[in-house]
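Peer 1: Below is one structure. I have some questions about it.
Nothing in this text is a laboratory measurement; each read-out follows from the coordinates by a stated rule. Quantities reported herein were computed from a predicted structural model and do not represent experimental measurements. No Cβ is skipped: glycine too gets one built from the backbone with ideal geometry, and neighbour counts run over all protein chains shown.
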Amino acid sequence: MKMERSEELAMFRTALDVADLHPGAVALPQDHQVIVGTMRFHYLDWGGAGVPILFLHGGGINAHTWDCVAVMLRERFRCIALDQRGHGDSEWSPVIDYRVATHVGDVEGLIEATKLDRPIVVGQSMGGINAIAYATRHSDRMRAMVIVDVAPEISGGPGAERIREFSSTPELDSPDAFLERAVKFNPIRDPAVLRRSLHYNLRETPAGKWTFKHDQRRRTDDAMRSFAEDRARLVADLPGIKCPTLVVRGALSDVLTDDAAGKFARSLPDGRWVRVEKSGHNVQGDNPRALLDAMLAFFSEAGIS
């Protein structure tokens, strides 16, 4: 969806006002492309020279989901948000390879290409699973990790099915038709904020219809079975994650429960968990202010500045 830069800034200011967030300067990130392996990836770079933070979005959305969080952290941290394969403005896998291990390879390649030194890795939902898998290999090279509303053992339930149904919405006549569905799907979120999110998550088809940008082939039965198997294997590797880790649960989430969040945090050598009120599964979009408060308190506790 094409939009003038001034319109993008106006929409961003509205989202920040709704969230009661007031950065020193309202600015949009730089768009960059990088080749990892044989695929092209798009990422958002907020600049800065502080401790690097790499943000990984959930399935069916994109890097802009972190905008309200990143703009508040950019003066102290270098924030980068990746469009993971098959999402946003990154390429789709020609062989429909969306395995967790493949995502980890993408993250490894991005971190090397952008020279992120001992980053904090923040991941939500699918991005959280990929962050956990990356940490099982590289926690000694991470300052910390934040996992938002997901755990390796949580893979089903009504919440996950509801999300799958929404993100598999077929082609519709207009962005407004998608907005109507989005408001019903997530009544917590202000419609103006949802409209902004859809701006970055929809594309027009050659036939003049509108559809989500993400590759819906990643939800084939075989792909979903592989993803579930990958998650199950992660459980045994959790004790090897040495970096400080914060598990965040949206208080209204129908994907992750308090018990599951606590169990996940206790399975980590240096884990803790927190509940963020007035938010569902997409905590960073529903209540970015409270998520920021939780993250900054965690960074302070972990000695990160």
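Peer 1: Among the residues of segment 120-171, which ones are charged (D, E, K, R), touching a helix residue (DSSP H, G or I) at 6+ places or on another chain (Cβ under 8 Å) and under 23 Å from residue 301 (Cβ atoms)?
Peer 2: Step one: of segment 120-171, the residues charged (D, E, K, R) are 137, 140-141, 143, 149, 153, 161-162, 164-165, 171.
Next cut, touching a helix residue (DSSP H, G or I) at 6+ places or on another chain (Cβ under 8 Å) only: 137, 149, 153, 162, 164.
Of everything in segment 120-171, just one residue is charged (D, E, K, R), touching a helix residue (DSSP H, G or I) at 6+ places or on another chain (Cβ under 8 Å) and under 23 Å from residue 301 (Cβ atoms), namely 149.
Peer 1: I need the full set of residues from segment 253-305 which are of a type in the set (A, V, I, L, M, F, W, C), within 21 Å of residue 192 (Cα to Cα) and surrounded by fewer than 15 Cβ atoms within 10 Å (Cβ to Cβ), in order please.
Peer 2: Passing the criteria: none in range.
Peer 1: Might you let me know whether segment 176-191 holds any residue that is surrounded by 19 or more Cβ atoms within 10 Å (Cβ to Cβ), among the aliphatic types (A, V, I, L, M) and either in contact with a helix residue (DSSP H, G or I) (Cβ under 7 Å, 6 or more places away or on another chain) or in a loop (DSSP other than H, G, I, E, B) (or both)?
Peer 2: The answer is yes, given that some residue of segment 176-191 is surrounded by 19 or more Cβ atoms within 10 Å (Cβ to Cβ), among the aliphatic types (A, V, I, L, M) and either in contact with a helix residue (DSSP H, G or I) (Cβ under 7 Å, 6 or more places away or on another chain) or in a loop (DSSP other than H, G, I, E, B) (or both).
Peer 1: May I ask you to verify whether residue 89 is under 17 Å from the mean Cα position of the chain (by Cα), buried (at least 24 other Cβ atoms within 10 Å of the Cβ) and of a type in the set (Asp, Glu)? I'd like the intermediate steps shown before the answer.
Peer 2: On the way: under 17 Å from the mean Cα position of the chain (by Cα): yes; buried (at least 24 other Cβ atoms within 10 Å of the Cβ): no; of a type in the set (Asp, Glu): yes.
In short, no.
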